[in-house]
Each structure stands twice: as structure tokens, then as C-alpha cells.
Amino acid sequence: MRFTAPAVVFTALLATAAPYAAQADPAHTITVSGSGEARGAPDQAQLSAGVTTVAPTAAAALAENARTMTTVFDTLKRLGVPERAIQTTNFSVSPQYPPYNGNDRGLQKIVGYQISNQVNVTLDDTKKLGPALDALVGAGANQINSVNYSIRDADALEAKAQAAAIANARARAEVYAKAAGVTLGGVLTISEVSVEAPRPVVFAAKAMAAPPPTPTAAGEQSVTANVTVVFEIR
């Protein structure tokens, strides 16, 4: 699971640096980029599951699908999944046709109907994922479409990455200033270039022929931040 937040660029004039901002000569500044990363263990799991049924008539396919989905919902409730964590994401009715035959002429004959009902489920504990997968398949779910992990408080992880990015920028600026024989002054501006959060680092979800629960692994997720900082030099 990975996304890049839209590039947000802002300039923060620190109160302590205001005198420098007013007097600093562009020729007496140094601009550096810094990056930071923070990692954390996911504490939530999401899965997409569903039931697909086929029958000669749409009504028969729907009735069978409804019975199985009711069992799926009951199973999720017994696992302690609240209703707010279960969301229907797709429901479709599709006619079924016989295999293509080049000798056939005219309209194709409908030989049956397929009903598909899909739900997204959020689990508040990653350790529940394996038992949930087993229980859903046992209840009649015949489609498991995806498994993802997430962190509830991703903002806290992002803040750590941003702090690490600032520290990295300062460390780099110190190196340049020392090499140039100048003294590093205060921070004039900070621009946040980008933040990536959260990014899966280790992920595995194995559905294998083994005694339940199905083995799963949440691994880690990481957040990265990139900043540009302008320092005064003396």
C-alpha cells in the first residue's frame, strides 16, 4: 500500500530567525535538502472478500448468494467485527452464455446468471487476519480479492519522518559549512517537498493448505519526508 501526497510547499519563517530573514543577503545563505524516514508496525488489516454464485435463473442465483452472504456477515460478527468496519463495495448481476461457437447464428442464448457480492472488512488487530480468512472461506466466501495493512495513527509516524528530515538537512548543512570555512547560522525558511505515507516494507499473506489459522505477516510500514531548508551562513 503506497501513496504520495500531493506536493505541498510552504515557507515557515521561524520567530527566532526573523531578524536574519530581514537582513540576510542571498549570497550569505546555504540551501540544502534533507530526507527522513520513520517505520512502524501496522495495527490494522483490511481485506476484500465476497461470494459469487451461478444458477439457471437470476432469482435462484440471488437467493443462493443471499444465504451465503448472510452466513458471511454472521461469521464476521462472531469474530467481533463491528458493522461500521464492514462495507459493501460491489454487487453485480451478469448473464452467462454458452462457450463461443463460430457456427452459431443469431442472438446468443442466456444459460444462467452470476451474482457477485463483495465487501471490504477492516480488522482492528492484524493477528485476526488469519482466523478471519479461514472463517470467511469456511462460511462460503469464494473470493478473497486483496489484503492490506495500515497504521491508525499515521500522522505520528509522519511527524517523526519530518523531524528526521530537518535533522538530516541540518547535518548536511553543517558539513558544507565546515568544508567552506563558514559558520552555520539560523534557519531562514523550511519548505516541505513531499511526504510518502505509509509505504509497506515487508508484507506477506500466505493462503496455503495448512491447519488454521492461515499464516499471515504484517511486517512494517514506512513514511518518508523530504524538505528544503535555507540557513544563514556567517
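Taken along the Cα-to-beta-carbon direction at a fixed 7 Å, the label points for LYS77 and SER94 span 3.1 nm. Could you tell me whether region 44-150 comes out rounded, prolate or oblate from its Cα gyration tensor? Rule is a ≥ b ≥ c as square roots of the eigenvalues, rounded for a/c under 1.5, then prolate if a/b exceeds b/c, otherwise oblate. Taking the square roots of the gyration eigenvalues as a ≥ b ≥ c, region 44-150 is prolate. Residue order for LEU47, LEU129, fewest other beta carbons within 10 angstrom first, comes to LEU47, LEU129.
Would you mind counting up the charge near PHE231? Only other residues with Cβ under 11 Å from its Cβ, with Lys and Arg at +1 and Asp and Glu at -1. The partial results should precede the final answer.
On the way: positive: ARG170, ARG172, ARG234; negative: GLU174, GLU232.
Once all neighbours under 11 Å are counted, the net charge is +1.
Computed from backbone phi, the HN-Hα couplings of region 66-73 come to 4, 4, 5, 5, 4, 5, 4, 5 Hz, rounded to whole numbers (Karplus: 6.51 cos²θ - 1.76 cosθ + 1.60, θ = phi - 60°; Gly and Pro given as x).
The order of TYR149, TYR113, TYR100, going from fewest to most other C-beta atoms within 10 Å of their C-beta, is TYR100, TYR113, TYR149. By the rule of a C-alpha distance below 16 Å, with chain neighbours fewer than 8 residues away ignored, the aspartates and glutamates paired with LYS127 are ASP43, GLU220.
All of the numbers you see were taken from the coordinates with simple rules; none came from a lab. What you see is a predicted model; the values in this text were computed from it and never measured. Methodologically, a virtual Cβ is constructed for each residue, glycine included, from the backbone with ideal geometry; neighbour enumeration extends over all protein chains shown.
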